[in-house]
Amino acid sequence: MKKKSLQASPALKKHGGYPSTSADRAKRRLLNAAGKPIETILIQYDNTYDGYDEEQADEMRDQYGANAITKQKKVTVAKRLQSAFVNPFTVVLTALAVFSFVTDVIMASAGEKDPTAAIIIFAMVFISGMLHFVQELRSADAAEKLSEMVETTIAVARRVEQEESEETVSVKDEIPLDEIVVGDVIHLAAGDIIPADLRILQAKDLFISQSSLTGESEPVEKFGAALPGKPVNPLDLNNLAFMGSTVISGSATALALAVGDDTVFGGIASRLRDKAPPTSFDKGVKSVSWLLIRFMFVMVPVVLFVNGFTKGDWMQAFLFAMSVAVGLTPEMLPMIVSANLAKGASSMSKEKVVVKEINAIQNFGAMDILCTDKTGTLTQDKIILEYHLDIHGNEDPRVLRHAFFNSYYQTGLRNLMDVSIIERAREEKVVDEDVSYVKVDEIPFDFGRRRMSVVIADNSGKTQMITKGAIEEMLSISAYAEYKGNVEPMTDELRREVIETCNNFNDDGFRVLGVAQRTNHSPVGAFSVADESEMVLIGYLAFLDPPKDSAAAAIASLHDYGVDVKVLTGDNDAVTRSVCKQVGLSADRILLGSDVEDMDDEALQKAAEETDVFAKLSPQQKARVVTALRDNGHTVGYMGDGINDAAAMRASDVGISVDTAVDIAKESAKMILTEKDLMVLKNGVIEGRKIYANIIKYIKMTASSNFGNMFSVLVASAFLPFLPMLPIHILLLNLIYDISCVTIPWDNVDKDFLSVPRKWDATSIGKFMVWFGPTSSIFDLTTYALMFFIICPAMCGAQFGDITDPAVSAYFIALFQAGWFVESMWSQTLVIHLIRTPKIPFIQSRASLPVVTLTFAGIAVLTAIPFTPIGEALELAPLPPVYFAWLALTVLVYMIVVSLFKVIFIKKYKELL
């Protein structure tokens, strides 16, 4: 039978169902509920522990809204276009285009109007901006689709109708967080993210971290009892839990009171919807942009004054200086960066990796240390229970039966070992079906105690506490031991026997848990951690947690690529040592959590450098180790899948998780593996390094060649009686060169370059420009001399230096400018193949087919222009065959000289890119 509609509930109206604002509504409901008994709250929201049915849930959603935080507004197409076209480079180019249009069209006389220069500059801005826009749009769409692959859920009580009858039954259903409604009954366990603002109804040792809301470093215990008085601040109340906080340990049942923007978290988020602060990667790209702009601001005035004073035509000098500014502007840089990152995200998605933060790919490439948890990351997802033994190491079904009760009745953080215990117990039928048991209480697992307990009662009224946990902790609470039905004191000799037996299993790679019990020792309903004492140890469980098939190969491959792997686990040192040996990690030195606890930060930094395996770590100690490594200058990744890994993931440069991880681990990660093949990690490292290589490749080759060309222009301007190239020539040259660079993100990268970590560093760009820019200028100047003293006089039929005749002078200048126009494109484009690799181009290292195709197509197109009507319109003369013989010689010598300079540069600075 369905419950009545909630729309007109007088209780809701009376108790603040419709306050004036959403903020008031949320706060009033929280404060009201904190002081009311549980029964009253459930009546107020017309619910029971059985939960709502779908119709009621829909009504509550209509009334109170969906459980979704209003994020930063989705970037509109208009905003994306603005972002694509508004950057330092395009602003400079647009200003130049407008100025060119004003001077060449608006202010020019009727017969001299020429919009060509303005059209070319606008074309450069349009091509760069549109490519940037398209890549950003594709990247955003891909990121959105990838994010949809990862879904966080929570257990909620819902009433569903059975197909065979019209009866409804209550089920505990895992639903996405955004489907929570006000009034939902929610079941919380360790590892859960609180999905809404909640009133705790029932709690058992519930500890919640509210650090994301309050800054408190220590978890806060929550209870279900009503609070007296008239509180003012909901965050001060211990029977309320808030969206965005996390369950550290324990379990609870709670009622949702506020969802979405009405939550405390939603209120904070609404004030924090600004753009994220720039990453080191963003800062690096920006610093490069402003470095090149500073070069431009130095060069342009010099070119202006040199040409103005030597030629006397200041307007022409100004236009030429503006063209030089265009030539120095790598306007394709934003597009190249976007294309590289989008390509990386796309490549990773094909490898079943969700990239939550696209810049994390580049950080992945910079990573030189990967810290990883052991269980579930290096080891397989299915843990096998191999043995259930008494204290002397003999098979004992009674141990398995007690372990079954503990795992079956617990409601906290159920792990793979619990699943293995339940499956094995059912296979061996160790539970008597004729005896019914009722769960009385439980003491959930936490990482301080490293054990958990349940209390059950049979149909005779006998109660029994059953505890399982790490063997050291179990021995610490066991005063007795049971063997063949006899209970005897836990002597030192017996304790040593237990430890020795467990150590032998640990050495063979088994993980061992102890099982203990205690009967009728506390009133029902009053069990606590204090009752875990004077226990009777009845035996232990030995689990085999074999490494993943890909673990050894993945670790070896990461080592080959310069990434050291360190294991940070909460497991004991013996098991950890065994697993590490199986996957090829040295475990000669293991640092324990107790050792880390005794170290100050400086000592830990030194120890972390020298140690590859850390065992028995708490979550906070894992985070300390990661922080110590980062403080030592490393780029650190952390891979984990448990609640105990979340802090370390947040402390790392790149947090990596898997799609089966607990909610908080997935939320803390920047990259999520949707398949468990660890070789994906190597592929991610390679993608990150490719991105860095192709971005820095474009920046260095473009900056150096542009700088070299403009340096050549400056020198020529001082000595030539005419401009070495017209402004329109520089613009067209730059446009065709930029188009030929569009495929750089898809270029090949040398394996040698990929073999070591690459941190973003813009400091070498200036040195690179100073070395390789003037090198190209040398050959530009030889081309000047060749054209001015040999080819042009010969073609003009004039005496050496006699260019006073107007007709001869015009042809001389057109021929000269055509010669340098073509030579500039050849040298500027071929240098891409020279400085994209420290190896011999085309022989030891080949560019990708798209890069080869587009660069040589650019050379061919520009070389043909002087022979076309376009060239005639641009005042360029066809070049004689002898020019191309000299050009071939010039290019050959240029390639040899640049290759020599590469060797010297690498020897001096230890790298090229």
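The values are calculated or read from the model by the stated rules, or taken from the named source; none is laboratory data. Keep in mind that what you see is a predicted model, and the values were worked out from it rather than measured. Cβ coordinates were reconstructed from backbone atoms using ideal geometry, including for glycine residues, and neighbour counts include every protein chain displayed. Protein only, heavy atoms only, side chains kept; ligands, DNA and RNA dropped before computing areas. Shrake-Rupley method; radii C 1.70, N 1.55, O 1.52, S 1.80 Å.
Some points to look at:
- Tyr387 vs. criteria at pLDDT 75 or above and over 40 Å from the mean Cα position of the chain (by Cα): yes
- Look at (1) closer than 26 Å to Ile383 by Cα; (2) in contact (Cβ under 8 Å) with a residue 40 or more places away in the chain; (3) out of contact with any Gly (no Cβ under 7 Å at 6 or more places or on another chain); (4) open to solvent by 20 Å² or more (accessible area, probe 1.4 Å) and you find that Thr501 fails only one, number (3).
- Filter result (open to solvent by 10 Å² or more (accessible area, probe 1.4 Å) and either of a type in the set (Asp, Glu) or not in a loop (DSSP other than H, G, I, E, B) (or both)) within the stretch 235-250: Leu235, Asp236, Thr246, Ile248
Yes/no per residue for (1) aliphatic (A, V, I, L, M); (2) open to solvent by 40 Å² or more (accessible area, probe 1.4 Å); (3) modelled with pLDDT of 85 or more; (4) in contact with a strand residue (DSSP E or B) (Cβ under 6 Å, 6 or more places away or on another chain):
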position	(1), (2), (3), (4)
Gly469	no, no, yes, yes
Thr491	no, yes, yes, no
Gly514	no, no, yes, yes
Ser522	no, no, no, no
Ala530	yes, yes, no, no
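- Residue match in the stretch 509-530 (condition: more than 16 Å from Gly393 (Cβ to Cβ) and in a helix (DSSP H, G or I)): yes
- Wholly enclosed helices (runs of 4 or more DSSP H) of the stretch 805-913 bearing at least 2 residues more than 27 Å from Leu720 (Cα to Cα) and open to solvent by 10 Å² or more (accessible area, probe 1.4 Å): 849-864, 881-909
- Boolean, Asp282 is open to solvent by 20 Å² or more (accessible area, probe 1.4 Å), more than 20 Å from Glu221 (Cα to Cα) and either in contact with a Phe, Trp or Tyr (Cβ under 6 Å, 6 or more places away or on another chain) or modelled with pLDDT of 75 or more (or both): no
- Candidates Ser212, Ser170 - the one that is among the small types (Gly, Ala, Ser), more than 27 Å from the chain's Cα centre (by Cα) and at pLDDT below 80: Ser170
- Screening Ala648 on (1) of a type outside the set (Asp, Glu); (2) at pLDDT below 80; (3) under 21 Å from Gly244 (Cβ atoms); (4) surrounded by 24 or more Cβ atoms within 10 Å (Cβ to Cβ) shows it passes everything except condition (2).
- Subset of the stretch 716-748 (residues that are crowded, with 19+ Cβ neighbours inside 10 Å, part of a helix (DSSP H, G or I) and not aliphatic (A, V, I, L, M)): Ser717, Pro727, His729, Asn734, Tyr737, Asp738, Ser740, Pro745
- Val529 within 43 Å of the chain's Cα centre (by Cα) and aliphatic (A, V, I, L, M): yes
- Flag if Lys145 is loosely packed, with under 15 Cβ neighbours inside 10 Å and either at pLDDT below 75 or out of contact with any strand residue (DSSP E or B) (no Cβ under 6 Å at 6 or more places or on another chain) (or both): yes
- Residues of the stretch 581-602 that turn out to be in contact (Cβ under 8 Å) with a residue 40 or more places away in the chain and under 29 Å from the mean Cα position of the chain (by Cα), as a count: 1
- Every pair of residues 6+ apart whose Cβ atoms lie under 8 Å, when the first sits in the stretch 866-891 and is touching a residue at least 12 places away in the same chain (Cβ under 8 Å) and among the hydroxyl-bearing types (Ser, Thr, Tyr) while the second is open to solvent by 10 Å² or more (accessible area, probe 1.4 Å) and in a helix (DSSP H, G or I): Thr890/Phe779; Thr890/Thr782; Thr890/Leu786
- Condition check for Glu163: under 33 Å from the mean Cα position of the chain (by Cα), at pLDDT below 80 and open to solvent by 60 Å² or more (accessible area, probe 1.4 Å): no
- Residue satisfying all of: in the stretch 425-441; at pLDDT 80 or above and open to solvent by 50 Å² or more (accessible area, probe 1.4 Å); nearest to Asp458 (Cα to Cα) among these: Tyr437
- Among the conditions (1) touching a residue at least 40 places away in the same chain (Cβ under 8 Å); (2) surrounded by 14 or more Cβ atoms within 10 Å (Cβ to Cβ), Lys484 misses just one, which is (2).
- Residue in the stretch 66-85 that is buried (at least 16 other Cβ atoms within 10 Å of the Cβ), under 24 Å from Lys172 (Cβ atoms) and at pLDDT below 85 present: yes
- The condition (being modelled with pLDDT of 70 or more, touching a Leu at 6+ places or on another chain (Cβ under 6 Å) and in a helix (DSSP H, G or I)) is satisfied by just one residue among Val98, Val125, Val105: Val125.
- Qualifying residue in the stretch 898-912 (condition: of a type in the set (Val, Ile, Thr) and more than 45 Å from the chain's Cα centre (by Cα)): no
- The lone exception for Ile656 - which of (1) modelled with pLDDT of 80 or more; (2) in contact with a strand residue (DSSP E or B) (Cβ under 8 Å, 6 or more places away or on another chain); (3) over 17 Å from Thr379 (Cβ atoms); (4) of a type in the set (Val, Ile, Thr) it fails: (3)
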